[in-house]
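Enquirer: Attaching a single structure in structure tokens format; questions to follow.
The values are calculated or read from the model by the stated rules, or taken from the named source; none is laboratory data. Since we're looking at a predicted model, the values are computed, not measured. Note that each Cβ is placed from the backbone with ideal geometry, even for glycine, and that neighbours are counted across all protein chains shown.
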Amino acid sequence: MNEKNKNWKPIILQADEGEKVLFRIGLMTFKVASNQTNDNFMICETELPPKAYVEPHSHPEAETFYILEGEFIFYVEDMNKGIKCKKGAFISVPPHVEHSFKNTGGYKGKIFGTMTPGGAKGLESLFRTFGVGLTDKDVIPDLNKPIEDWVAAVDTFRKKR
């Protein structure tokens, strides 16, 4: 085995398996964390309640999004020009390009996403720092409730920790 791949092992996860992190606007399930790929990439599923909004931002990692469920508006480069995206839509955002998105549907949306490269000091660590890690015993708040209810549920969950 070459030195570059010494910590990179095969991973097989089922539908709801993976590290789960609650954050103020949704739930992330890491299918593979960057520390499992020698910081080459990270893959996750993100579930967002109705009206959840990710503020405009950019970062040094490239990011991709594939819509699994729901309806979103994505903004890439031009924050005044949104593109409607539904199940099956794919979005690729190069490093350092400003982007944002919102769940515009009346129910939860789910996105399959990647971040390349990964890394303990990148955006992935932000989710863990500001989110709340879940155990298999934790009950996840209802993602179909409006964002206001979701934020209150996450805040309550955080206080119990």
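Enquirer: Just to verify a result, which residue in the stretch 57-82, among those that are part of a loop (DSSP other than H, G, I, E, B) and in contact (Cβ under 8 Å) with a residue 24 or more places away in the chain, is farthest from Asp39 (Cα to Cα)?
Expert: Only one residue fits best here, namely Gly70.
Enquirer: Further, regarding this structure: Quick one: which of Glu69, Glu98, Glu47, Glu77 is more than 13 Å from the chain's Cα centre (by Cα), at pLDDT 95 or above and closer than 24 Å to Ile12 by Cβ? Steps first, answer last, please.
Expert: Values: Glu98 fails: closer than 24 Å to Ile12 by Cβ; Glu47 fails: more than 13 Å from the chain's Cα centre (by Cα); Glu77 fails: closer than 24 Å to Ile12 by Cβ.
So the residue among Glu69, Glu98, Glu47, Glu77 that is more than 13 Å from the chain's Cα centre (by Cα), at pLDDT 95 or above and closer than 24 Å to Ile12 by Cβ is Glu69.
Enquirer: Taking Asn40 and the conditions (1) of a type outside the set (A, V, I, L, M); (2) at pLDDT 95 or above; (3) over 24 Å from Lys87 (Cα atoms), which numbered condition does it fall short on, given that it satisfies the others?
Expert: The failed condition is (2).
Enquirer: May I ask you to list the residues in the stretch 1-58 that are under 23 Å from Arg158 (Cα atoms) and aromatic (Phe, Trp, Tyr)?
Expert: Phe23, Phe30, Tyr53
Enquirer: Just name the residue that is surrounded by the most Cβ atoms within 10 Å (Cβ to Cβ) out of those in the stretch 55-65 that are under 21 Å from Gly119 (Cα atoms) and out of contact with any helix residue (DSSP H, G or I) (no Cβ under 9 Å at 6 or more places or on another chain).
Expert: To start, the set of residues in the stretch 55-65 that are under 21 Å from Gly119 (Cα atoms) comprises 57-65.
Then drop every residue that is not out of contact with any helix residue (DSSP H, G or I) (no Cβ under 9 Å at 6 or more places or on another chain), which leaves 58, 62, 64-65.
Working: Ser58: 15, Ala62: 16, Thr64: 16, Phe65: 21.
So the residue we want is Phe65.
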